[in-house]
Amino acid sequence: MEKICVFCGSSPGVQPEYSQAAEKLGHILAKKGIGLVYGGGSVGLMGRIARAALEKGGSVTGVVPRSLVEREVVLTGLDDLRIVGSMHERKALMAELSDAFIALPGGLGTIEEFVEILTWAQLGMHRKPCGLLNVRQYWDPFVQFLGHVAGEQFIEEEHLDMVMIEDDPDVLIERFRYYTPPENDKAVWALRMNNG
């Protein structure tokens, strides 16, 4: 596993543990020799994780839409800064560069990025592990909602297993190493459901 993409907030959030978790994850990635791929920002949890990785000698790749570069919220001094034309290009490149995905606490952008990458896994478009770093049980309501979606048969129970949830980043990364994706993708499952 050479690079892990981390989705996280451009705000620090209200709890100090969120920033502490971002810093710890940045340090762990650097220590393990795993490159960080992230949204390139200098503020909030994004800035915190990137600076933490850099200060421990880690490799950091930022992927930023041109519109955000022009607003001057990009972290300077990155090893590798990729400037793209749109948010869609940003997500596609981050996915291409990464071997796994972690979501720290964050807002709508973080949720949207994680759900999209999870959808791609569900559709069989990639076979890379996806995990939630559940700082202060931040992701508990989201996980409960996914259970509700499965209960209503819009996703299969097996697809819930694609989301690894841990509060310890070391444990999450170790689980990534042994991840086996489900063999059936959503398209196959949807046909089976509709043909009952």
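Derivation of every value follows stated rules applied to the coordinates shown; laboratory data play no part. Just so you know, these numbers come straight off a predicted model, no measurement behind them. Quick reminder, even Gly has a Cβ in these numbers, built from the backbone with ideal geometry, and neighbours come from all protein chains shown.
As a rough footprinting exposure proxy, the listed residues Ile117, Ile49 were ranked by other beta carbons within 10 Å of their own, and the order from fewest upward is Ile117, Ile49.
Count Lys and Arg as plus one, Asp and Glu as minus one, and take only other residues whose Cβ is under 12 Å from that of Lys56; the net charge is then +2.
Lysine pair count for the chain (Cα-Cα distance under 28 Å; residues 8 or more apart in sequence or on different chains): 22.
Placing unit charges on each Cβ (+1 for Lys and Arg, -1 for Asp and Glu) gives segment 3-195 a dipole about its Cα centre, and among Phe101, Gln122, Gly39 the Cα reaching farthest toward its positive end belongs to Gly39.
Would you mind telling me which residue in Lys128, Lys32, Lys91 has the biggest mean-square fluctuation in a Gaussian network model of the chain, where springs connect alpha carbons within a distance under 10 angstrom? Sorting by GNM fluctuation, first place goes to Lys32.
Determine, for Asp140, Asp99, the number of other Cβ atoms within 10 Å of each Cβ, and report the residues in order from fewest to most. It would help to have the intermediate numbers written out before the result.
Working: Asp140 12, Asp99 16.
Result, fewest neighbours first: Asp140, Asp99.
Across segment 36-50, coupling constants 3J(HN,Hα) worked out from phi with the 6.51/-1.76/1.60 Karplus curve, θ = phi - 60°, read 9, 10, 8, x, x, x, 9, 10, x, 5, 4, x, 5, 5, 5 Hz, and Gly and Pro carry x.
Adding -39500 (n - 2.57) for every DSSP H run of four residues or longer, then dividing by how many residues the chain holds, sets the calculated 222 nm ellipticity at -14500 deg cm²/dmol.
Which of these, Gly44, Gly106, Gly147, has the largest mean-square fluctuation under a Gaussian network model of the chain (Cα springs below 10 Å)? Ranking Gly44, Gly106, Gly147 by mean-square fluctuation puts Gly147 first. Here the peptides 163-169, 130-136 are ranked by packing, the mean other Cβ count within 10 Å, and the order with the highest first is 130-136, 163-169. Out of (i) -0.48, -0.87, -1.34; (ii) -0.69, -1.01, -1.30; (iii) -0.48, -0.94, -1.55, which label holds the value of log10 I(q)/I(0) by the Debye sum over Cα atoms at q = 0.11, 0.15, 0.19 Å⁻¹ that was computed here? Computed from these coordinates, log10 I(q)/I(0) by the Debye sum over Cα atoms at q = 0.11, 0.15, 0.19 Å⁻¹ corresponds to label (i). Annotation: amide H of Val60 within the under-5 Å range of Leu36, Asp79, Asp80, sequence separation 5 or more or interchain, hydrogens built in the peptide plane. Judged by the mean number of other Cβ atoms found within 10 Å, the most tightly packed of the peptides 77-85, 5-13 leads the ranking 5-13, 77-85.
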